Every structure is written in C-alpha cells, then in structure tokens.
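Note sheet for the following structure.
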Amino acid sequence: MHILSYPQKPLVYTEHEDAMGMNDLPCGVNAVVAIAAYGGWNMEDSIIVNQSALDRGLYMSIFYKSITIEERKSGQYSHESVCIPPLNIRTKSYNYDKLDVDGLVRLGTYVSDRDVIVGKVLTKTDKNKNESFVDVSVTPKMGEAGYVDQVILTTSQDGYKLVKVKIRKLRRLEVGDKLAARSAQKSTVGITYRQEDIDRKSTRLNSSHL
C-alpha cells in the first residue's frame with residue numbers, strides 16, 4: 001500500500017466530481033509542468049523532474065508492506081513453532097539480533113532482507129520418533145526494507161500462532177518510476193535535475209536561440 005504524504009485538491013474540477021465527493025480524499029499533486037524539447041531526456045513518454053522539489057517532499061509517499069506468518073502442521077510428523085532458533089541450526093547469512101524473547105522482531109526496528117522478523121523452527125519426526133530441526137525463519141524480501149510499524153500476535157482458527165508484521169518505508173520518486181495524470185496519461189521519470197542545473201541549462205538553451 002502506498003500513501004501519498006502531501007496530497008492536494010485539484011485546482012479545476014467538474015460539478016459532477018464535486019457532487020460525488022471525489023475531491024474529499026485527494027490523491028494527487030498540482031505540479032507545474034513545462035512542455036518543451038529539453039535535452040532528449042523527455043522524449044516519448046519520459047519526463048524530467050526537479051530533484052530539488054523531490055528533496056522538499058514532492059511526490060513523497062509512505063509504503064506499507066504486511067507480512068503474515070503462521071505456524072503450520074503437516075500430518076503427525078512435521079510441525080512449525082514460532083521461537084528463537086537454536087544457534088546450531090541458524091542460517092549463517094541471516095541476522096537474528098533484532099528478535100525478542102518470543103522470536104518476534106522488536107517494534108520500531110529497521111530491518112533489511114537479511115534481518116529475521118519472525119523466528120520459526122520446523123520439527124520433523126521420523127517413524128522411530130527421532131526429531132530433527134530446520135530453521136525456516138522469515139525475512140523481508142528484496143526491496144521491502146524499512147521500519148517495523150506494527151507487530152500483531154494472535155491465533156488462527158486452528159489454534160496455531162499467527163503473526164502479522166507491518167513494515168513502513170519512506171518512498172521518494174526516482175528514475176524509472178511511472179506517474180499518471182487524472183486523464184490516465186502516463187509518463188516515466190527519465191532523469192532528475194537539481195534546480196540550479198535546470199536554470200543553467202535553460203539559460204544556455206535560450207542563448208542558443210538568440
């Protein structure tokens with residue numbers, strides 16, 4: 001889920017849109033747009049964006065990702081448990097330091113794709129009742145790094161532990177992102193220039209036409 005940080009109400013709208021309440025929850029930004037051939041980075045559907053405006057919060061949004069983890073049981077010989085995995089079965093490339101005593105990640109902690117957010121152990125029992133343990137702890141996927149916004153521990157309908165972890169990440173517009181106007185016209189960010197670079201370049205362009 002993406003939530004725009006600074007939404008704005010459209011400057012121009014129809015009576016029908018106002019009657020249907022479409023502007024009660026604004027979901028866009030009133031941006032200043034210049035239509036001009038400008039160095040080739042805005043060819044086709046590409047656009048050039050002011051990096052200084054992005055640094056001031058233009059198009060900034062908050063990205064939320066919810067991850068659900070549940071203890072599972074497979075027959076009589078295999079079941080999972082939410083806990084801190086023992087040292088001898090842990091995955092070497094994972095970081096377990098951000099877990100509490102219950103095997104859950106601490107609230108407000110920054111996590112990456114190498115940090116375990118929920119510790120989980122799979123217990124396998126053979127026919128001779130010999131047990132073996134496998135680490136099946138959960139980490140965020142690539143690109144889902146952020147701060148832990150919420151951790152909920154409850155039980156499923158079958159009586160097993162159910163954990164929901166919500167991760168929050170501040171998202172800024174970058175090259176390759178796609179934007180759309182209210183009329184569904186789409187564009188892709190081709191390059192970002194700082195405000196002083198745009199001013200210098202526009203001065204050179206104006207001088208070349210004189």
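All of the numbers you see were taken from the coordinates with simple rules; none came from a lab. This is a predicted model, so every value here is computed, not measured. Every residue, glycine among them, receives a Cβ derived from its backbone with ideal geometry; neighbour counts consider all protein chains shown.
Numerical summary
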| item | result |
| --- | --- |
| Calculated FRET value between Asp197 and Tyr13, using beta carbons and R₀ = 45 Å, to 0.05 | 0.85 |
| For the chain, with +1 on Lys and Arg beta carbons and -1 on Asp and Glu, the positive-most of Ser46, Val101, Ala181 along the dipole | Val101 |
| Debye, to nearest 20: dipole size of region 125-164, +1 on Lys, Arg Cβ, -1 on Asp, Glu Cβ | 100 |
| Label-point gap, in nm, between Lys166 and Arg106 - each point 7 angstrom along Cα→Cβ | 2.2 |
| Where only C-alpha atoms are counted, convex hull volume of the chain per residue in Å³ | 202 |
| Label zone at Gln157 (point 7 Å along Cα-to-Cβ), backbone N below 16 Å, region 73-110 | 73 |
| Simple label model, 7 Å out from Cα along Cβ direction - Thr125 to Ser52, nm | 6.9 |
| Assigned charges on the beta-carbon of Lys, Arg, Asp, Glu; the chain dipole about Cα centre (debye) | 520 |
| Over region 62-178, volume per residue of the alpha carbon convex hull, in Å³ | 135 |
| Rounded to 10°, Cα long-axis angle of helix 195-209 versus longest principal axis of the chain | 30 |
